[in-house]
Structures are given as structure tokens and as C-alpha cells.
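Working notes, structure below.
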Amino acid sequence: VLQKSKVLKKLFLCGNRITLADGKFTNALANNRTLRVLNLRSNKIDAEGAKQLAGALKVNQTLQEIHLNCSQIGDDGAKHLAGALVDNKSVQVMNLCLNNIGDAG
């Protein structure tokens, strides 16, 4: 549905134990051309899920806001996301609050 949607602009999936590790959601996100806001707050994304999301962000050029607060991203996950932002020109807001990210991230 996400990959083929022509109308969905905002998607809120807060607190659903989503991990993103299997790549199914992020593959669909990479090819979506309508979504502007994605809120995955309070999930279990961790570094591996952040790596998958980073891969999608390198391709997706329509997403403008991503909310990932309280999602166990950590230093390694933050590094993956930062690397994706080099290629992504559409993301204007990325919320990473409360993810145990230190100076290394």
C-alpha cells in the first residue's frame, strides 16, 4: 500500500514495536512519492532498522519530516541516518530525541 499510494501524505505509526530490520517497509518507503511526514516515535527501530531507513532515504526525495524519538537508534543508527542525509535533499526535520545518542553518534 505505501509503495503504490498516490494520496498518503502523513503516516503515524507510534508505539507499535516496529523494527524496520526486514526491509519491507523501507523498500516501500524508498519508492513512495507522496509521503511527506513519517512518525515512528516509540518503536524498536535500533541501529539495524536505522540502517534500513537510511537506505530508503538515499532514494526517497519527497519525505520532509521524520520523527524517530524514543526508538533505540543509538550511536551507530545515528551515523547511518547522518550518512543518508548527504544524499537526501528533501528531509528538513528529523527528530532523534531520547535515542541514547552520544558524541560518537
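The values are calculated or read from the model by the stated rules, or taken from the named source; none is laboratory data. All of these numbers come straight from a predicted model, not from anything done at the bench. Counting neighbours? That spans all protein chains shown, and the Cβs are built from the backbone with ideal geometry, glycine included. Remember, those area values only see protein heavy atoms, side chains included, never the ligands or the DNA or RNA. Shrake-Rupley method; radii C 1.70, N 1.55, O 1.52, S 1.80 Å.
Here are some notes:
- Within region 58-87, residues that are under 14 Å from residue 12 (Cα atoms) and modelled with pLDDT of 95 or more reach partners that are outside any loop (DSSP other than H, G, I, E, B) and of a type in the set (S, T, N, Q) with beta carbons closer than 7 Å, at six or more positions or on different chains, in the pairs 67/39; 67/95; 68/95; 69/95.
- Some residue of region 72-86 being touching a strand residue (DSSP E or B) at 6+ places or on another chain (Cβ under 7 Å), more than 15 Å from residue 105 (Cα to Cα) and not in a loop (DSSP other than H, G, I, E, B): no
- Selected residue (criterion: most open to solvent (accessible area, probe 1.4 Å)) from residues of region 54-70 that are part of a loop (DSSP other than H, G, I, E, B) and of a type in the set (A, V, I, L, M, F, W, C): 70
- When residues of region 87-105 are limited to those that are in a loop (DSSP other than H, G, I, E, B) and of a type in the set (Val, Ile, Thr), the one most open to solvent (accessible area, probe 1.4 Å): 101
- All positions within region 2-21 that are touching a residue at least 24 places away in the same chain (Cβ under 8 Å) and open to solvent by 100 Å² or more (accessible area, probe 1.4 Å): 6, 7, 9, 10, 12, 17
- Pair list, Cβ < 6 Å and 6+ apart or interchain, from region 27-42 residues that are within 17 Å of residue 87 (Cβ to Cβ) to residues that are assigned to a helix (DSSP H, G or I): 29/56; 30/56; 30/59
- Of all residues making up region 29-53, the number that are in contact with a helix residue (DSSP H, G or I) (Cβ under 6 Å, 6 or more places away or on another chain) and either surrounded by fewer than 21 Cβ atoms within 10 Å (Cβ to Cβ) or assigned to a strand (DSSP E or B) (or both): 2
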